[in-house]
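What follows is one structure encoded as structure tokens, with my remarks underneath.
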């Protein structure tokens, strides 16, 4: 019976009993009324219709679900659909106007969707009746009326679901963190170097962990730099308490010592070298625990079940402690003070390294080079000048807000002569923003002292009266330091930025400059790593030796495998055709898309004043020609279809409301928008959420200078948005994964957090899911998750509701078939969060399934996809390298030696590295219901899914659904609105943000 249930979609297995007929078909001999009820919207009981009639919203019973004209029948064996996209098959009659339904409503290509407006709309958003007519009926958050009798059904279902959920095992069993089934066997062998260095001597002694509590007179908080200097002062003064080489400090509040000491308290006076002030300090040292380092060896041998995090943390601290004493440390990354490479905009490029102890089949140290943009010592005036601020006039509010974002969080040193003018007075504090007014106009009150009356003064006058210093730039704002509620302002021209500080954010220009400087081929990168190891001389380090450690100076050599790329299905002049990528790339110049879309009406909106009408005309002709070559049919563009916007950026929103409404009325299928400096967010908000019209934004430079390659990339995105499919994995491929032959849903998920400097902004959770049997059509759902400065939530809080929505979409688009397998590729989860994330999200998915239908329990596989690691590979033989950089070939997989000693994980590099050293992706199977018995199956699945990413003709570094989850989250940030502008003094609150949660499900809007 199990084998019969795995038959082709829409086809009844031969020899199957009537009950086993394909979903969406009435089994032979079954009463029509029963079959009719089975085809109701998922999660709803259909209304009982009078005899001879069918219930509202239920498909007719006379035949299997009908397909639109030109679409491939669903009864066929697995093959590429011909003609129209598969999601339009098995369309059901829409509910009557008197009855609303929870069933998703989909539109045909090129037609506007209708339905009510999203809840919670603001007055400054589109609010006309015409605008509301452009909203999708399946808007998230709508409360709909349910058919009669639903309340009783829901009560019954709730009891069943509660009972079944109690029986779901969330305890650690063989499905949780499944055991490694052994290395895979597919592919050809390749010899590799890994930047993992064997620990030839692993400590087995006991280390004593002490908590360190520091208190400094008159200071509530102590920054990391001062804390390290104070600890160094204690070490120098009390050698009997801190014997050399027998202890290390982690820079936060932990001492690790080789011998046990009683708890003690120490005091001393500390002279701060930055401001010359002396502080009274007290240190309390208290024993917390004894840590047995021999557990690491037991973990490698398999006799200790959990990752020994405490032991690894101690070993990491020991390895980096000597270097950290005279360096800048960011987590595991260490940077010696250096003269960096200028990058522009006041930043320099610094090189450093990182090390991390990684227990695999043996114990290794993962060492890698690091690079970061840093600020060198410079005056604040130079800092802002290099960032293109005007220094010869007073700043307006926009300048102040932008400047505050640039300098917020940086440590500032102010130097000014004392009143006598014979000594410098230094002051070091952290900037929190800028003053709203210039030094000449910013006033404050000087309290009455020494018989002098209370008086108001300006900052400019204060420095002249008290220090005899006449400001040279009184027109500029001052730096706000200290606490936000206190108005402590320092003149810019007296301040400098201390070296060794990272920018909160860097521009695209700086990023491009960094890539050019850091993109080292693997051979060069590994040579640099070995040079760092030689310079550090770890085996002669007193702390490393005393803690019983020794590191091999040679990188690990191991055997990897290179998987064969999949056959990809496309088309040529004669019809369906297969191509096989070479070095991760395939050429479509003599081919056509697997399924080309059609656009009968499209228009152009020009937001770039410098782009002329004739340039747009030439661009459009070339676009139509290139699209036609690939099988994407686009009508010619007449000049009257081009609109030039000549207004201001703050008037754009109102203009777009009218423009998009006219496009809806004219049944426009695509709007191409030429962008210059602004407008992207508004365009995507209008197109994706409010009016459900496909939009394609193009940079003005790509319109003025037309290149066939750029047009080809644009066509890839357009074709995916209008219902076409660029390529698919050929079902005839000899390694085509068995799980894809079944009725499966492949998902990608991620939680993206605000970047540094945006503490008040919320996190975005996104989930995308495949909707067809060729696994190249996806629907995405996004949700806001509140974050705070302390901790961002990594789990997807509303996953249950998101999954229910995605499952309903799948059900409606596939002839009421339900996926038998759910395969999740989850990004953004660190090793320490595996169990926490899985416990919540697995149960959310299971609940979603049971709430839709009792006893619906598809097989679930959960795979964590990770790229935030420092493992790199280099071919031993230069002949095995590909591309100019000599990187490892696409499809290179490593599943032994440096992987978990007993659990199910592997490294896979699926893309071709164009420059620099390729970063492989780390896959970790943290839950499996039995879909994958060997490493081969999951490795091939992950690798093949990297070839169905619609935006390029290259294999990408992570599976397409995971990549789409990133895109959906990024797009959701364009769909966010904030109730009030963030000021220069704060970043706002996540409560101020809202997400327009109704982007269209009818097309892949996030491409």
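The values are calculated or read from the model by the stated rules, or taken from the named source; none is laboratory data. Given the structure is predicted, the values throughout are model-derived calculations rather than measurements. Here the Cβ is made from the backbone with ideal geometry for all residues, glycine too, and neighbour counts use every protein chain on show.
Mind listing just one residue for me: the one in region 347-381 that is out of contact with any strand residue (DSSP E or B) (no Cβ under 7 Å at 6 or more places or on another chain) and not in a strand (DSSP E or B) and, of those, nearest to residue 499 (Cα to Cα)? Looking at residues that are out of contact with any strand residue (DSSP E or B) (no Cβ under 7 Å at 6 or more places or on another chain) and not in a strand (DSSP E or B), I get 381. Just one of the listed residues (850, 941) is at negative phi, outside any strand (DSSP E or B), buried (at least 23 other Cβ atoms within 10 Å of the Cβ) and over 21 Å from the mean Cα position of the chain (by Cα), and it is 941.
Of the numbered criteria (1) in contact (Cβ under 8 Å) with a residue 40 or more places away in the chain; (2) in contact with a strand residue (DSSP E or B) (Cβ under 9 Å, 6 or more places away or on another chain); (3) under 20 Å from residue 716 (Cβ atoms); (4) surrounded by fewer than 19 Cβ atoms within 10 Å (Cβ to Cβ), the one residue 622 fails is (2). Being touching a helix residue (DSSP H, G or I) at 6+ places or on another chain (Cβ under 9 Å) and crowded, with 18+ Cβ neighbours inside 10 Å: is that true of residue 595 here? Judged against the criteria, residue 595 is a match. Every listed requirement among (1) in contact with a strand residue (DSSP E or B) (Cβ under 9 Å, 6 or more places away or on another chain); (2) outside any loop (DSSP other than H, G, I, E, B) is met by residue 384 save one, (1). Taking (1) under 18 Å from residue 959 (Cβ atoms); (2) surrounded by fewer than 23 Cβ atoms within 10 Å (Cβ to Cβ) in turn, residue 823 satisfies each apart from (2). The set of residues from region 201-228 being under 30 Å from residue 300 (Cα atoms), part of a loop (DSSP other than H, G, I, E, B) and touching a strand residue (DSSP E or B) at 6+ places or on another chain (Cβ under 6 Å) comprises just one member, 202. Assess whether residue 842 counts as being in a helix (DSSP H, G or I) and crowded, with 23+ Cβ neighbours inside 10 Å. When the stated conditions are applied, residue 842 does not pass them. Region 508-582 holds helices (runs of 4 or more DSSP H) entirely within its bounds, and those carrying 3 or more residues that are under 30 Å from residue 246 (Cα atoms) map to 522-536, 542-546.
Here is a yes/no grid of residues against (1) within 26 Å of the chain's Cα centre (by Cα); (2) surrounded by fewer than 19 Cβ atoms within 10 Å (Cβ to Cβ); (3) at pLDDT below 95:
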| site | (1), (2), (3) |
| --- | --- |
| 632 | no, no, no |
| 645 | no, no, yes |
| 661 | no, no, no |
| 679 | yes, no, yes |
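Yes or no: residue 603 surrounded by 14 or more Cβ atoms within 10 Å (Cβ to Cβ), touching a strand residue (DSSP E or B) at 6+ places or on another chain (Cβ under 8 Å) and not in a loop (DSSP other than H, G, I, E, B)? Considered against the rule, which asks whether it is surrounded by 14 or more Cβ atoms within 10 Å (Cβ to Cβ), touching a strand residue (DSSP E or B) at 6+ places or on another chain (Cβ under 8 Å) and not in a loop (DSSP other than H, G, I, E, B), residue 603 comes out as yes. Filtered by the rule that a residue be farther than 16 Å from residue 775 by Cα and at pLDDT 95 or above, region 813-826 gives a lone residue, 826. The strands (runs of 3 or more DSSP E) found wholly in region 229-324 and carrying at least 3 residues that are in contact (Cβ under 8 Å) with a residue 40 or more places away in the chain, surrounded by 17 or more Cβ atoms within 10 Å (Cβ to Cβ) and within 40 Å of the chain's Cα centre (by Cα) occupy 254-257.
Residues are listed down the side, and each one gets a yes or a no for (1) crowded, with 20+ Cβ neighbours inside 10 Å; (2) farther than 22 Å from residue 392 by Cα:
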{"position": "407", "(1), (2)": "yes, no"}
{"position": "413", "(1), (2)": "no, yes"}
{"position": "429", "(1), (2)": "no, yes"}
{"position": "432", "(1), (2)": "yes, yes"}
{"position": "438", "(1), (2)": "yes, no"}
{"position": "441", "(1), (2)": "no, no"}
{"position": "446", "(1), (2)": "no, yes"}
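The residues of region 624-642 that are outside any loop (DSSP other than H, G, I, E, B) and more than 23 Å from residue 727 (Cα to Cα), listed by number, are 639, 640, 641, 642. Restricting 744, 730, 755 to residues that are more than 25 Å from residue 627 (Cβ to Cβ) and surrounded by 21 or more Cβ atoms within 10 Å (Cβ to Cβ) narrows the list to 744.
Residues of region 869-911 that are without any contact (Cβ under 8 Å) to a residue 12 or more places away in the chain and closer than 30 Å to residue 304 by Cα: none at all.
Pairing each residue of region 478-496 that is farther than 15 Å from residue 404 by Cβ with any residue that is at pLDDT below 90, provided the two are 6+ apart or on different chains, yields C-beta distances under 6 Å for 494/416. Between 398, 377, the distinction of being under 35 Å from the mean Cα position of the chain (by Cα) and in contact (Cβ under 8 Å) with a residue 40 or more places away in the chain belongs to 377 only. Looking across region 717-735, the residues that are closer than 24 Å to residue 826 by Cβ and out of contact with any helix residue (DSSP H, G or I) (no Cβ under 8 Å at 6 or more places or on another chain) come down to 720, 728.
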